[in-house]
Amino acid sequence: MQYGHSYGLGKRKSAVARAWLRPGSGQITVNGVPAAEYFRSSTGGLKAAKPFAVTGTVDQFDAHCKVKGGGTTGQAEAVSLAISRAIQFYDPPKRVALKVYNLLTRDNREVERKKPGKAKARKSFQWVKR
């Protein structure tokens, strides 16, 4: 890498994450807070750190992420995608390992909109005979 750092953008549902990677000790910060504290559940922090575990770069990079929108799960998965893209940009041969674990694929499922005459997107009101 020419400048010693890389950038990645990840999206999931309505969450958008931006990640910057620099060589370091393996710290992941999300909106200025360590990832373990930001994603209080154990799964959120693990999702964010999964790209490092898959590529074997756990203690090689510091990741600084900024996230907005969505809930905790969407934000965790957006951070994971952003970090994966940044790792791929920093070290292109690691793309193969990331692809095997589907970490470079954006999950494009969004919430379906509510339709008129329905209770929710697809749920109908209870049918009344008379």
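The values are calculated or read from the model by the stated rules, or taken from the named source; none is laboratory data. Please read all numbers here as calculations on a predicted model, not as lab measurements. Using ideal geometry, Cβ is built from the backbone for each residue, glycine included, and neighbour counts are taken over all protein chains shown. Just the protein is used for accessible areas: all its heavy atoms, side chains included, with ligands, DNA and RNA removed. Shrake-Rupley method; radii C 1.70, N 1.55, O 1.52, S 1.80 Å.
Can you find a residue in segment 46-60 that is outside any helix (DSSP H, G or I), among the aliphatic types (A, V, I, L, M), in contact (Cβ under 8 Å) with a residue 24 or more places away in the chain and closer than 17 Å to His5 by Cα?
The answer is yes, given that some residue of segment 46-60 is outside any helix (DSSP H, G or I), among the aliphatic types (A, V, I, L, M), in contact (Cβ under 8 Å) with a residue 24 or more places away in the chain and closer than 17 Å to His5 by Cα.
Would you tally the residues in segment 62-113 being closer than 18 Å to Tyr3 by Cα, part of a helix (DSSP H, G or I) and in contact with a helix residue (DSSP H, G or I) (Cβ under 7 Å, 6 or more places away or on another chain)?
Going through segment 62-113 one residue at a time, the tally reaches 3.
Could you say whether any residue in segment 119-128 is of a type in the set (S, T, N, Q), open to solvent by 60 Å² or more (accessible area, probe 1.4 Å), free of Cβ contacts under 8 Å to residues at least 40 places away in the same chain and in a loop (DSSP other than H, G, I, E, B)?
Yes, segment 119-128 contains a residue that is of a type in the set (S, T, N, Q), open to solvent by 60 Å² or more (accessible area, probe 1.4 Å), free of Cβ contacts under 8 Å to residues at least 40 places away in the same chain and in a loop (DSSP other than H, G, I, E, B).
Any residue in segment 83-101 that's open to solvent by less than 80 Å² (accessible area, probe 1.4 Å): show its pairings with residues that are in a loop (DSSP other than H, G, I, E, B) at Cβ separation under 6 Å, as long as the two are six or more apart or on different chains.
Ser84/Leu103; Ser84/Leu104; Tyr90/Met1; Leu98/Leu104
For segment 42-61, which positions are over 15 Å from Leu21 (Cβ atoms) and touching a helix residue (DSSP H, G or I) at 6+ places or on another chain (Cβ under 7 Å)?
Gly44, Gly45, Lys47
In this structure, does Leu9 turn out to be assigned to a strand (DSSP E or B), within 10 Å of the chain's Cα centre (by Cα) and of a type in the set (A, V, I, L, M)?
Criteria met by Leu9.
Being in contact with a Cys (Cβ under 8 Å, 6 or more places away or on another chain) and either in a helix (DSSP H, G or I) or open to solvent by 80 Å² or more (accessible area, probe 1.4 Å) (or both) is the requirement here; does Arg18 meet it?
Yes, satisfied.
One line per residue, one yes/no per condition, for (1) open to solvent by 70 Å² or more (accessible area, probe 1.4 Å); (2) of a type outside the set (Val, Ile, Thr); (3) under 18 Å from Leu98 (Cα atoms):
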residue: Lys13; (1), (2), (3): yes, yes, no
residue: Arg22; (1), (2), (3): yes, yes, no
residue: Pro34; (1), (2), (3): no, yes, no
residue: Arg40; (1), (2), (3): yes, yes, no
residue: Thr43; (1), (2), (3): yes, no, no
residue: Pro51; (1), (2), (3): no, yes, yes
residue: Thr72; (1), (2), (3): yes, no, no
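Among the candidates Val79, Val30, Val67, Val58, single out the residue that is open to solvent by 30 Å² or more (accessible area, probe 1.4 Å) and aliphatic (A, V, I, L, M).
Exactly one of Val79, Val30, Val67, Val58 is open to solvent by 30 Å² or more (accessible area, probe 1.4 Å) and aliphatic (A, V, I, L, M), namely Val58.
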